[in-house]
Amino acid sequence: QGIAVVVSLHDLNLASLYADKVALLSWGRMCAYGTPKEILTRETLEPVYETEVMIGTHPANHRTMVTPIPSWLKSPV
């Protein structure tokens, strides 16, 4: 329909729920652009956020879900 809405979000799960396309920025530069399923991956997010993440699928709406894994939760090696 030629309609666009631009929203700046820091909540990746909210972006996944509502966005058709996602632009991932790091230090003011776009480092990835595409659908939430294409962009919200470990390979894309971990270098930007400098932390491990777990990627899943919401059981009700089948959208991508992102859960950060804090360092204190990781098992020691």
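The values are calculated or read from the model by the stated rules, or taken from the named source; none is laboratory data. Only a predicted model underlies this, so the values are computations on that prediction, with no experimental measurement involved. Note that each Cβ is placed from the backbone with ideal geometry, even for glycine, and that neighbours are counted across all protein chains shown. For the accessible areas, the whole protein counts, side chains as well, though only heavy atoms, and no ligand, DNA or RNA atoms are used. Shrake-Rupley method; radii C 1.70, N 1.55, O 1.52, S 1.80 Å.
Worth a mention:
- Set SER16, SER26: member being among the small types (Gly, Ala, Ser) and within 26 Å of GLN1 (Cα to Cα): SER16
- Taking first residues from segment 47-61 that are under 14 Å from LEU12 (Cα atoms) and without any contact (Cβ under 8 Å) to a residue 24 or more places away in the chain and partners that are open to solvent by less than 60 Å² (accessible area, probe 1.4 Å) and assigned to a loop (DSSP other than H, G, I, E, B), no Cβ contact under 6 Å between residues at least 6 apart in sequence or on separate chains turns up.
- Within segment 1-42, considering residues that are touching an Asp or Glu at 6+ places or on another chain (Cβ under 9 Å) and in a strand (DSSP E or B), the one farthest from THR67 (Cα to Cα): ALA32
- Taking the criterion of being over 12 Å from the mean Cα position of the chain (by Cα) and in a loop (DSSP other than H, G, I, E, B), the residues of segment 52-73 that qualify are HIS58, PRO59, ALA60, ASN61, HIS62, PRO70.
- Scanning segment 30-73 for residues that are exposed (fewer than 10 other Cβ atoms within 10 Å of the Cβ) and among the charged types (D, E, K, R) turns up GLU43, GLU50.
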